[in-house]
Each structure stands twice: as structure tokens, then as C-alpha cells.
Amino acid sequence: MDFVWRVPEFPTPGASKQATFARFPGGKGANQAIQAARLGASVTAIGCVGDEIYGHELKQLLIEAGIDAAGVRLTKDTCTAMAGILVNAEGQNMISIDFGANLHLNAEDVKAYMPRDPHRIVLCQLEVTDDVVIEAAQHGRLLLNPAPARLVPETILRSAWMVTPNQEEAAHLTGLTCECKDDAPSVAAALLEMGPEHAVLTLGSEGAYWASKSGNSEFIPTTQVVAVDTVAAGDSLNGSLAAFLSEGALIPDALFRACRVASVSVTRHGAIPSLPTRSEMSALGFPV
């Protein structure tokens, strides 16, 4: 659950800023699952939330989105994961997270609710434990969104089919700076050396860069928009990318379409409320 404060500018240490407050459902797993479902993908969600008002609200949202949420477990042991988010006037954000129930998810949950299928796209992020990610990788093609940035065991990177870091996350993984698109090829090459077959670097307003072990690579442009809130932009892109790949789209085409969807998400406030449907994309003149 996201608790969002909008401020004219980020406060410096020791300073106070007047803010406006709103609460939105979110979380990377839920955001990505709902974005994929809103684009027509068949989605199964596996996760863990608290057995309280926020957990029940989040699970119900998944169900209403047409997602198979039987694998979303309610736990009395801890609360639903919660995020405190500051958003400034330019739409940039700063986020702190208590992972709460997310850390109660385990490999047995994955085994129980995810059949093994080598053709399945398994989209996973790092708001769960390493054991969960390692198990998920055994059940399909692991599309790993290595967020939030943290140390990632080599086992996970070697088992990933594709990794999709943003610039900060890529720098954290490789030790190389990725300040602009010119840095992307060398950073992507370093990521591929770690094991995945494909690396996708998300570059904000500059779009994205894809490279593969086969030697193929391509810069993917994005649609230029006026951003009001970048919360869940990466989740929008990853959920969209998974949806389009599951339809059989080639990676450059899937990524181009995913960048379009993500560009629309940043023109809206909130996490899940910002994620567009396929019909909304068409109505806006960006058919995907």
C-alpha cells in the first residue's frame, strides 16, 4: 500500500515541507500483474499480504482485474508491505518501503500455484526473498526486474532469461555508471556477462536499450510527455513487456510498445490508478 506525499520540492535533512497526502494501492508485484492484465494478458499472481484491511483491498483489486489471485496468501503474522513516497513538482519520487508480508512468501507458494512451463513468462522483482526468485526461475522464462536495487546472487542472474534494470539498478549490479544512453551498450554487455540471455536498460525519457547474447541490440525510443508522477513507471513497462512477449511479439517490438504504455502511466497520479488499459492506449492515439 502506497502512502504518497506531494511536495513542491524534496526537503533537505532537518527541513519540513507542506504536502498533500493520498493513499494508493501499489507494490511492484501488484502493479506489474495489473498492468499485464489490463493489456489482455492471462495473469497468475503469487504473493503474500497481511490479513487486514490493506491486504484484503489489494487482493480484491487483483481479482477485479481478472487475475488468478488464488496464490496471494493472507498472513496474520505481519502487515501488508507499505511504502512512504515523496513526489516533487517534476514528478520525481523518493520511496521508503517496509516489505512486511512480502518476506513471508516462500518457495513452497511458488511450487503450489505455478506449474512448470518453459514457454511461460515469469515476471519477478526483488521485493521478495532470493529463495522465491530462484524457485520462480524454474517454472518458466524468468523476466527479472532487479528492483529495488540490492545485491543479487549470481545464481539468480544466471537463471534469468532477461533482466530489466533502470539506470540506478544497472549501476548497482555492474559497478558501471549509466548516466545516459551512450553508457547503455557497455553496461548491457556487463549485465550479459553475468548470465542472462537478454538485458534491457530502461532510460527514463530516453527510452530503453536492449542487447542479447546473440549480438543483437537496439535503442528503443519513448513517447515524449509531461510527467506528473513517475511512481510505477518501471512497473508499467515491465508488466507491459511481459504481456506483449507472452503474445509472441519480438523483443524490440514488445519493448517499443511497453515504452509507449509506460509513457502514458507517468501522466497520471498514483501506482495502480496510473496503469492504462489497451482501449485507453488506443483512445489516446497510441495503439498497442
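Every number here is computed from the coordinates shown, using simple stated rules; none is lab data. The structure displayed is predicted, hence computed values, not measured ones. A quick note on method: Cβ atoms are made from the backbone with ideal geometry, for glycine too, and the neighbour counts reach across all protein chains shown.
Listing for the model above:
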{"item": "Test result for residue 243, hydrophobic (A, V, I, L, M, F, W, C), closer than 29 Å to residue 273 by Cβ and either out of contact with any strand residue (DSSP E or B) (no Cβ under 9 Å at 6 or more places or on another chain) or in a helix (DSSP H, G or I) (or both)", "result": "yes"}
{"item": "Unmet criterion (only one of (1) part of a strand (DSSP E or B); (2) surrounded by fewer than 21 Cβ atoms within 10 Å (Cβ to Cβ)) for residue 122", "result": "(2)"}
{"item": "Out of 128, 110, sole residue that is farther than 23 Å from residue 254 by Cα, within 16 Å of the chain's Cα centre (by Cα) and crowded, with 21+ Cβ neighbours inside 10 Å", "result": "128"}
{"item": "Check on residue 170, under 25 Å from residue 184 (Cα atoms), small (Gly, Ala, Ser) and either surrounded by fewer than 17 Cβ atoms within 10 Å (Cβ to Cβ) or touching a residue at least 40 places away in the same chain (Cβ under 8 Å) (or both)", "result": "no"}
{"item": "Inter-residue pairs, beta-carbon under 8 Å, first over 12 Å from residue 237 (Cβ atoms) and in segment 198-219, second outside any strand (DSSP E or B) and among the basic types (Lys, Arg), 6+ apart", "result": "198/213; 206/181; 209/181; 219/181"}
{"item": "Which numbered condition residue 16 fails, given (1) free of Cβ contacts under 8 Å to residues at least 40 places away in the same chain; (2) under 16 Å from residue 80 (Cα atoms)", "result": "(2)"}
{"item": "Members of segment 143-176 found to be under 13 Å from the mean Cα position of the chain (by Cα), more than 17 Å from residue 132 (Cβ to Cβ) and β-branched (Val, Ile, Thr), listed by number", "result": "164"}
{"item": "Test for residue 248: is it more than 27 Å from residue 172 (Cβ to Cβ) and surrounded by fewer than 21 Cβ atoms within 10 Å (Cβ to Cβ)", "result": "yes"}
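One line per residue, one yes/no per condition, for (1) part of a helix (DSSP H, G or I); (2) within 21 Å of residue 147 (Cα to Cα); (3) in contact (Cβ under 8 Å) with a residue 60 or more places away in the chain:
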| residue | (1), (2), (3) |
| --- | --- |
| 49 | no, yes, no |
| 54 | yes, no, no |
| 59 | yes, no, no |
| 69 | no, no, no |
| 84 | no, yes, yes |
| 90 | no, no, yes |
| 101 | yes, yes, no |
